[in-house]
Amino acid sequence: MKNEGKLLGWLLHFVAPLKGRMLLAVLLGIISNLSVVAIPVIGFYQGWQLFNGRAVGVAATIWLLLALGILRGITRYGEQYCNHDIAFRLLALLRQQIFRQLRKLGPARLVSVKSGDFITTVTSDVEALEVFFAHTVSPFFIFIGTTLVTVGFLGSHAWQLALILLTALCLVGLVIPLAGYHRYQAVAEQQHSSFTDLNQQVTESIQSLATIQQYDLGRERLARLSEEGQKLNVAHRKKLRQGTQLAVAGEAVMMSCAVLMILIGLAAALPAQVIGLGVVLSLSSFGPAFAMNGLGAALLTTFASGRRIYDLFQEEPQVVFPQEEELSEESRFTEAALQQLTFRYPDGEKPVLAAVDLSLRPGQTVGISGPSGIGKSTLIKLLMRYWDPESGNILLNQRSLRRFTESRLHRTEGFFEQTTFLFEDTVANNIRLGKAAATMEEIRQAAEKAAIHDWITGLPQGYETPIGGLARSLSDGERQRIGLARLFLQDAPLLLLDEPTSNLDYLNELAILETIRDFQDKAILLVSHRDTTLSSADAVYTLEDSHLRLR
């Protein structure tokens, strides 16, 4: 529990900006629940007066009960409003913090993340923490506040009955939920694992619909989805069954409390009015305690989700860029060089690159060939500083890559990868990503260089045609050429091209290669498995057994 307390303490800093709203929600919740308790208590008291032949202000009592009912409605609405406001603010706050941390860790962190795990973290884990802080923490303090008031009120009449009520409320609101926490542990990990696996299967199935259709894998994929769904259903049913058992136990405690009050009250010769008051309180004040039934499951989910998010926030970035510009701005790029570069992945045993030497100057195109998975793309990502090398140096303009700020590195290097991501926006805005202030003329020139201008002008709205997301569907080749247009518009002096023609037909490949040859002032590192693409390079190296060899 020590580690869990530390984890809760760390999580609480997320809600610190919302503490005012949480305090208001708790206060309104206490008033709301006390209004509910007060209505039967006042009704019992006035009924007792009538039963004993005493005068009762019926009109005044009715107005008082009506006022309490209205107060209950207003405060209940206010409590729910505050809690939902907290919930949505927390969702935004937590996701902003997670994406900020992922941005800090850099692209290298996402390379090793399964999409199912990532989706679980930013959806179910965040929502679990939001539910806990917005819908569990508040009810806990409402339960404490309401219990103190009701037990204190009953204690002013009979301490014996107050002690019974306090014990019963603690059993229902604390002991039973905490016992449920330990019982839930047996199925929580199974449920989370099944949920993550199902997310992974759904994501893979959506991303590979064309492949599934082509190879008639629909039945197989549906069977796997059904299997993972059944595993999740089994774990969820176990959790529901345990929740039902805890709810029944709480109801049994409440009824036992009322019976015990009658027996103890008679044994202690307490006035009948006091015994009746105790029974009424025992039946009307358990609402906040029953609201704690889900505390065990909430704690378990919170600790599991919290640990995963905590672990993410404890990770240190593999590279740290300087925050301030250490170098004076230079008007032109002069050289990129790799000197005795050796690199292995953090979890790898064998070096991907070993003692690699390479230099690249403006006006020069260097090609890298080799089989898939050999490390060609890794070489480019090292130049982009996804990771730092194990040994050796990477230099830009005779200065270590470690001395460049991230923004300056991005101004110096233009990167093109095999798969071009398109945002749900217009064609023009998708092209101008690397240069937000670009004019339409500059966008058009970039599209012409990428051999896609004619295709764009044939669209219904030309450059203003929506693409990406659920908008117009594009072929891989069209996506790739839009990615190349982005690169041309960015106009960086060092171009890193990773399979720039892999999805293009022969004619479009020739057009792109002709454009690449026209870049007389650019330094180009060209990675490709196509000999036709590499034919435009001034020098071609083959990557084999972690070493570069000149062809």
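General remarks:
- Restricting attention to region 16-33 and to residues that are out of contact with any Lys or Arg (no Cβ under 9 Å at 6 or more places or on another chain) and crowded, with 17+ Cβ neighbours inside 10 Å, the residue that is nearest to Thr146 (Cα to Cα) turns out to be Ile30.
Yes/no per residue for (1) over 30 Å from Gln318 (Cα atoms); (2) buried (at least 18 other Cβ atoms within 10 Å of the Cβ):
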residue: Ser400; (1), (2): no, no
residue: Ser407; (1), (2): no, no
residue: His410; (1), (2): no, no
residue: Phe421; (1), (2): no, no
residue: Ala436; (1), (2): no, no
residue: Ile452; (1), (2): yes, yes
residue: Gln461; (1), (2): yes, no
residue: Gly468; (1), (2): yes, yes
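- When Val366 is tested against (1) modelled with pLDDT of 90 or more; (2) open to solvent by 10 Å² or more (accessible area, probe 1.4 Å), just one condition goes unmet, and that condition is (2).
Yes/no matrix, rows are residues, columns are (1) touching a helix residue (DSSP H, G or I) at 6+ places or on another chain (Cβ under 9 Å); (2) farther than 30 Å from Glu324 by Cβ; (3) polar (S, T, N, Q):
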site	(1), (2), (3)
His410	yes, no, no
Phe416	yes, no, no
Val427	yes, yes, no
Lys435	yes, no, no
Gln445	yes, yes, yes
Ala451	yes, yes, no
Thr457	yes, yes, yes
Gly462	yes, yes, no
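- Only one entry of Leu246, Leu260 meets the criterion of being of a type outside the set (Val, Ile, Thr), open to solvent by 50 Å² or more (accessible area, probe 1.4 Å), touching a helix residue (DSSP H, G or I) at 6+ places or on another chain (Cβ under 7 Å) and closer than 30 Å to Thr167 by Cβ, and that entry is Leu260.
- Only one of Leu240, Leu270 that is closer than 23 Å to Leu129 by Cα and aliphatic (A, V, I, L, M): Leu240
- Note on region 377-401: residues that are touching a residue at least 60 places away in the same chain (Cβ under 8 Å) and either assigned to a helix (DSSP H, G or I) or out of contact with any Ser or Thr (no Cβ under 6 Å at 6 or more places or on another chain) (or both) total 14.
- Residues that are open to solvent by less than 70 Å² (accessible area, probe 1.4 Å), over 31 Å from the mean Cα position of the chain (by Cα) and among the β-branched types (Val, Ile, Thr) do not occur anywhere in region 233-243.
- Unmet requirement for Leu409, which otherwise passes all of (1) within 19 Å of Lys522 (Cβ to Cβ); (2) assigned to a loop (DSSP other than H, G, I, E, B): (2)
- Pair list, Cβ < 6 Å and 6+ apart or interchain, from region 204-218 residues that are within 18 Å of Ser475 (Cα to Cα) to residues that are hydroxyl-bearing (Ser, Thr, Tyr) and surrounded by 12 or more Cβ atoms within 10 Å (Cβ to Cβ): none
- Residues in region 138-187 that are open to solvent by 70 Å² or more (accessible area, probe 1.4 Å), assigned to a helix (DSSP H, G or I) and either modelled with pLDDT of 90 or more or under 16 Å from Leu277 (Cα atoms) (or both): Phe141, Leu148, Val149, Phe153, Trp159, Leu163, Thr167.
- For Lys376, the conditions (1) under 30 Å from Pro346 (Cα atoms); (2) modelled with pLDDT of 90 or more; (3) among the charged types (D, E, K, R) are fulfilled apart from (2).
- When we screen Phe153, Phe132, Phe141 for residues that are aromatic (Phe, Trp, Tyr) and over 30 Å from Arg95 (Cβ atoms), the only hit is Phe153.
- Flag for Ala269 being farther than 20 Å from Ala291 by Cα and either over 26 Å from the mean Cα position of the chain (by Cα) or open to solvent by less than 80 Å² (accessible area, probe 1.4 Å) (or both): yes
- Scope region 480-513; condition out of contact with any helix residue (DSSP H, G or I) (no Cβ under 6 Å at 6 or more places or on another chain), more than 25 Å from Thr412 (Cβ to Cβ) and open to solvent by 40 Å² or more (accessible area, probe 1.4 Å); matching residues: Asp505, Tyr506, Leu507, Leu510
The values are calculated or read from the model by the stated rules, or taken from the named source; none is laboratory data. Every value quoted in this text rests on a predicted model; they were computed, and no experiment measured them. Note that each Cβ is placed from the backbone with ideal geometry, even for glycine, and that neighbours are counted across all protein chains shown. Keep in mind that these areas ignore ligands, DNA and RNA; they rest on the heavy atoms of the full protein, side chains included. Shrake-Rupley method; radii C 1.70, N 1.55, O 1.52, S 1.80 Å.
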